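Inspection log for the structure reproduced underneath, given as structure tokens.
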Amino acid sequence: MFWVPFLLLAWAVAGIACIRLCLVASRGAGHPADARLEAELSIYEAAFLSGGPDRVAATTMIAMARQRRLLLAHTGWATVVDPDGKDDLERSVLGAFGPDGQSPIAPVRHRAAGGEAVHSLAERLTSAGLAVPDGARGGIEAAVRQVQAAALAVVALGAVSLLMWPHHEGSMGPLVAWFLLPLILTLGCLAIARFEVHPYTRWASSEGQQLLGMLDTDRPDDERGFLTAVAVRGPRAVTDPALRAAFDKGR
């Protein structure tokens, strides 16, 4: 029965990994979607659910540039044209500039993404059940990787036990059967996660993804359609060569 410690270790590794995935997935599930947000998402809400704080900052800057209130040069620099922000997000972007109203795009984008306006937007979406809570972001992917590693560890422990099996002990059937159980547990957990957890991204819950899927991003000639495409796909959705070059240089 030399293989019993290997079996116990396989069960421990598989059990801990599967339990962790279940706990992380339950935290990431959030709350039922708020009825207020069952209507179409705003541009900034769509930006956060698609790409997080950085996407919100980029979308705000592009929206202001389209209104000629912010100049984004192809060199990767931004200049304030209109210092009066229409909402908290615009004021956050304007506040990220230096006193002379000029700055490279990257630091402005970074400071605006970490501002209070974006934080408030994130809290609102999380409370509505549309965004993944802070504690769960990235945790689901890490937990899935841990279960995958546990499955490989079970296989490795089983293989070591088979290699050490004495020839005089007879059939290896019982040994294989015992190690199959924790392997089935981990593979079954991964299969369930594929269908139940996979719809979650780093930012949007399954409800948030459903609302994102309802957005029309195929109207680039319409101002809202253009900004919706930018919110969902990021600056790569920009068709203006100069504006696109500004963000390429401003990474």
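Laboratory data are not the source of any read-out in this text; all were calculated from the coordinates shown. The model shown is predicted, which means the values in this text are computed figures rather than measured ones. Glycine gets a Cβ as well: all are built from the backbone with ideal geometry, and neighbour counts include every protein chain shown.
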145, 111 arranged by Cβ crowding within 10 Å, fewest neighbours leading: 145, 111
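Using a Förster distance of 25 angstrom, determine the FRET efficiency expected from the C-beta separation of residue 191 and residue 214, and round it to 0.05.
Numbers: r = 29 Å, r/R0 = 1.15.
Once the sixth-power term is evaluated, E becomes 0.30.
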Applying the Karplus parametrisation 6.51 cos²θ - 1.76 cosθ + 1.60 with θ = phi - 60° to the phi angles of region 108-124, what ³J(HN,Hα) value in whole Hz is obtained for each residue in order, glycine and proline being reported as x? 5, 4, 5, 5, 5, 5, x, x, 5, 5, 5, 4, 5, 4, 5, 5, 5
Just one of (i) 1.02; (ii) 1.19; (iii) 0.93 is Rg/Rh (Cα atoms, Kirkwood Rh) as worked out from the coordinates here. Which one is it? (ii)
Compute the relative contact order of the chain as a whole-number percentage, counting only Cα pairs closer than 8 Å that sit 6 or more residues apart in sequence. 35
Distant-in-sequence amide H partners of residue 132 (H built 1.01 Å from N, under 5 Å): 204, 205
Theoretical gain in end-to-end length, residue 248 to residue 233 [0.36 nm per residue, Cα-Cα removed]: 3.9 nm
Could you list the trypsin sites (Lys or Arg not before Pro) in region 51-93 that lie in coil according to DSSP, counting only those with at most 10 other Cβ atoms within 10 Å of their Cβ? 68
